[in-house]
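Peer 1: Mind looking over this structure? Questions follow.
The values are calculated or read from the model by the stated rules, or taken from the named source; none is laboratory data. All values derive from a computational prediction rather than experimental measurement. FYI the Cβ positions are ideal-geometry reconstructions off the backbone, even for glycines, and counts take in every protein chain you see.
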Amino acid sequence: MMSYLFTIQKMKNLVTSLILFFFIPVCGQKSVHDSLKVYYQDSLMISKNFKSGNISDHLTVKVINPCNSEKERFDGAVTIISATVKNKKYSDSMVYNYPYAQSGLINLKANNISNYTIDKHQAVLVPFTYCGNWDNDRKVSYMIFYNHKKYLHHIKYYCGEDEKCKINDNLNVTLKDLPSKLRLKVIKDLETKYNKSNDFY
């Protein structure tokens, strides 16, 4: 009987571990293992303030090992982005450890970060791309904070030989968890900020 209970407990622990293993990376909240920290070379920090009515939000975004064209560094062992939104009533944060840093490092542009007021709630959009061995397939990722919720999305693009780029994704599926008005803002962002190859690096 004790052996049976012990086996059941081990199975529960295994299931819990598997749930955490698969669920946490999808939500962008996987913690960074200490063994990766020896590969940290430099970082990029961006801070912005947004105001909606009487509430001021402060956004801080940090990229560990961002791509750096001056140093000709486009890939490496690790690249991580974290973002935190704070105001006097609320604070939340996200961390995304890009699992394919060997193929491209995170590229963040301060000018692409934006905010919108939607139904009296502040939406903060933090888009980023990846520098690496370029081919026709590209990707834009979004960290989004809205109404005390946070989202992480990856949107596929295709860039042709003419350097023009088009969304290569079904946005109604990829962005289906976003409220409809927020989804429209993100789609407009994607269509206006990323339409040629140079927009990705």
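Peer 1: Which of the residues belonging to the stretch 68-102 are more than 20 Å from Phe145 (Cα to Cα) and either within 15 Å of the chain's Cα centre (by Cα) or of a type in the set (Asp, Glu) (or both)?
Peer 2: The answer is Glu70, Glu72, Asp75, Val78, Thr79, Pro99, Tyr100, Ala101.
Conditions (1) in contact with a Leu (Cβ under 8 Å, 6 or more places away or on another chain); (2) free of Cβ contacts under 8 Å to residues at least 24 places away in the same chain; (3) surrounded by 14 or more Cβ atoms within 10 Å (Cβ to Cβ), marked per residue:
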| residue | (1), (2), (3) |
| --- | --- |
| Gly53 | no, no, no |
| Lys62 | yes, yes, yes |
| Asn65 | yes, no, yes |
| Tyr90 | no, no, no |
| Met94 | yes, no, yes |
| Gly104 | no, no, yes |
| Asn111 | no, yes, no |
| Glu163 | no, no, no |
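Peer 1: Tell me the strands (runs of 3 or more DSSP E) entirely within the stretch 116-201 that contain at least 1 residues that are under 14 Å from the mean Cα position of the chain (by Cα) and at pLDDT 95 or above. Lay out the reasoning, then the answer.
Peer 2: On the way: elements: 121-132, 137-146, 149-159, 165-167.
Filter on the stretch 116-201 gives 121-132, 137-146, 149-159.
Peer 1: When you go through (1) at pLDDT below 80; (2) surrounded by 15 or more Cβ atoms within 10 Å (Cβ to Cβ) one by one for Asp57, which number turns out not to apply?
Peer 2: (1)
Peer 1: Then there is this: Please tell me if Lys71 is among the basic types (Lys, Arg), in a loop (DSSP other than H, G, I, E, B) and touching a residue at least 24 places away in the same chain (Cβ under 8 Å). Explain how you work it out, then say what you get.
Peer 2: Details: among the basic types (Lys, Arg): yes; in a loop (DSSP other than H, G, I, E, B): yes; touching a residue at least 24 places away in the same chain (Cβ under 8 Å): no.
Judged against the criteria, Lys71 is not a match.
Peer 1: Taking Asp75 as the residue in question, decide whether it is farther than 21 Å from Leu190 by Cα, surrounded by fewer than 18 Cβ atoms within 10 Å (Cβ to Cβ), acidic (Asp, Glu) and touching a Phe, Trp or Tyr at 6+ places or on another chain (Cβ under 8 Å).
Peer 2: Judged against the criteria, Asp75 is not a match.
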